Amino acid sequence: MLGLERKDFVFLIVVLALTLAAPILLNPFPENSALAQFNAGYPDLMQRIAIFAIFAVGFNILFGLTGYLSFGHAAFLGAGSYAAMWMFKLLSMNILPAIVLSVLIGGLFSLLIGYVSLRRSGIYFSILTLAFAQMSFNLAYSVLTPLTNGETGLQLALTDPRVLDAANNSGSLPDTALFGLAMNSTTKVEMLGRVFQFNVGYYVCGLISVLMFYVALRIFRSPFGMMLRAVKSNQNRMNYTGLSPRPYTLAAFVISGMYAGLAGGLMASMDPLAGAERMQWTASGEVVLMTILGGAGTMLGPVLGAGFIKYFENIFSKINETVLHGWFSALPHAIQDPLVWLAARFTGEGWHLTLGVLFMLVVIFLPGGLVEGGQRIGGLFRRRKTDDPEHHPKRAPHVAE
Amino acid sequence: MGILEVKNVGKRFGGLQALSEVNLSVAENTVHAIIGPNGAGKSTLLNCLVGKLIPDTGSVLFDGKSVLGRKPHEINQMGISRVFQTPEIFGDLTVLENVMIPCFARRDGAFRMHAFERVKAEAGILEQAEKMLSDLRMLEKAHLHAGTLSRGDKRRLEMAMCLVQEPKLLLLDEPTAGMARADTNNTIDLLKEIKATRPITMAIIEHDMHVVFSLADRITVLAQGTPLVEDVPENIKGNPKVREAYLGETQDAE
């Protein structure tokens, strides 16, 4: 079905169902309960998870399959955001043209950078992409100010032409929409002591991310995907088998660049502004973290990684000292204060520290990422049947030589 | 005229004349061995044939067309497949996938964006790969990761990957180098079997004379970058010039 094996089709349906039900599933704790702050079912966070899942799934097509570790993919994300913003300013608040242009710009930009960077492999390739991304960041930050509005970032203005839209006399900025359906409109449903928020923007992001997941699944199962794995495995053999590795790698690079552009376009569609910081190396590093944390080269890994990191970023960073004092209030002050001090280093603004520790633990103990963790837990239950190291060889290193 | 014609090839590395005036003709459906002591220029010659090196002088014609200046993948597409000294395979992929990739390369050329086709729907390619594996008695290993195979099986797999392309010329670069006697014999048997069961043209670069005597139809002896003699194996054995070239290695020449 849909050109998929039965197993993959079921997998896709499960992903689709989880995406549709996310506003409910991510809100397990009742409103006003002590655990309510761990709920993730609010539109802003869910949109982010879906968008970064697209970004990471695309990145995984390059990194997971070919082993080429790009450190500059945020440049395509940023370029996609700027492209979308210009469509909002010049053409229409409809997100469709914005998304189409952001994908095209992401693809063109990655063709340019990929063509040059792919002359090298391994660490040199990574450094080249990093250099290009930093160049793009600086261009966006200062040199190309007329195009990017420099450090302020590109924003909507009442004076924008928006030639396709009807005249705006309301005096306030228009909302992004898909054929009249505003991205920020949310239906709230109160049930079982919980407030579930069904947001249009989230469903647009979620459905597009399922579609992109499907596209990635097809690529993974195609002869093209097999060639990409061959690139990672042995380029010398490829050459002497009559195959040219370069166009395959470049195609993977451009596809992942288009995924990044799409993610950037969606980010601007959900929240119409675009700043240069989206292109910074930390943003490129984030998608690398997501992919490795979840499991590079696996289908579900990047999605898990994106969800995991975005959840941490939003939930852990909200736990400040006041919240911690509340948790430890039962303890005497002499113990409570040092405990709160210690815990505060790892929460609130210190959430990066927790993420760093988790990342190290995963890389050291679960080189295959969260997906490997899941497989190991699954393996505990059916160990006796498939205890055969011959058929479960050690994972190949991530980076191409 | 042979399928491979090497004419007056010379190659110089700085002060070292690695090859000079090499003339060689490999006839179709024969096994031609190129042997020589260490430093005779065997590897340089091979690299000139596959596009890794470009000779300074002379020409290399394959099937009537020059191979000089072409990239390795282009030369492979002309019909030359190569077996390496240490087997070069796709270690992370399964044995079956390893054999499917050369099939795709033959059908689709050096690059094709078949991103929305399904590997499992490629019945023709699957059949071709499985037939090849069963010919070389590797079908039961089809779903193992190639990297987990034994050295001998890796060699066998590499042969399968080359043969499935039905090459007009199969080049073998010291196929038994560094192998134990038993493995060497297995490899020779495999090559004999291949020669007996299908029409094939092979050029074998080899240091060890034993390997090629029972296999080759013709032998060229290379010494100091230039061909010493070319003849049928029986005449090579007793040739005093060859003994001289292998001087100090006379036991090898026995």
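Where a number appears in this text, it was derived from the coordinates with a stated rule and is not lab data. Just so you know, these numbers come straight off a predicted model, no measurement behind them. When we count neighbours, we look across all protein chains shown, and the Cβ atoms used for this are built from the backbone with ideal geometry, even at glycine.
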Peptides A:290-299, B:232-241, B:198-207 ordered by average Cβ neighbours within 10 Å, highest first: A:290-299, B:198-207, B:232-241
Size descriptor, Kirkwood hydrodynamic radius, that averages inverse alpha-carbon separations across chain B, Å: 19.0
Calculated [θ] (222 nm, deg cm²/dmol) that DSSP helices of n ≥ 4 give over chain A, each run adding -39,500 (n - 2.57): -19500 deg cm²/dmol
10 Å Cβ neighbours from other chains, averaged over peptide B:113-126: 5
The stretch A:6-318: relative contact order in percent, alpha carbon pairs under 8 Å with at least 6 residues between: 37
Whole-number percent relative contact order across the stretch B:91-165, with pairs defined as alpha carbons under 8 Å at least 6 apart: 55
Size descriptor, Kirkwood hydrodynamic radius, that averages inverse alpha-carbon separations across chain A, Å: 22.7
Point-charge dipole on Cβ atoms (K/R +1, D/E -1) for the stretch B:34-126, about Cα centre, debye to 20: 140
Inter-chain Cβ neighbour average for residues B:101-109, partner chain, 10 Å: 5
Around residue B:190: net Lys/Arg minus Asp/Glu count, Cβ-Cβ under 12 Å: -1
Efficiency of FRET between residue A:207 and residue A:337 - r from beta-carbon atoms, R0 60 angstrom, step 0.05: 0.80
FRET E, pair residue A:34, residue A:345, Förster distance 30 Å, beta-carbon r, rounded to 0.05: 0.85
Cα centroid of the stretch A:2-65 to Cα centroid of the stretch A:235-282, whole Å: 22
Ratio of Rg to Rh over the stretch A:110-248 (Cα coordinates, Kirkwood Rh, two decimals): 1.12
Whole-Å semi-axes of the ellipsoid equivalent to the stretch A:1-83 (Cα gyration tensor, √5λ, descending): 29, 22, 11
Candidates B:94, B:226, B:197: whichever shows maximal mean-square fluctuation once chain B is modelled as a Gaussian network with Cα springs under 10 Å: B:197
The stretch B:91-165: C-alpha gyration tensor shape, a/c 1.5 cut-off, then a/b vs b/c: prolate
Cα principal axis extents for the stretch A:262-393, largest first, Å: 56, 45, 22
Mean residue ellipticity (222 nm) of chain B, computed from DSSP H runs ≥ 4 via -39,500 (n - 2.57), nearest 500: -10500 deg cm²/dmol
Sites residue A:112 and residue B:57, calculated FRET efficiency, Cβ-Cβ separation with R0 25 Å, nearest 0.05: 0.05
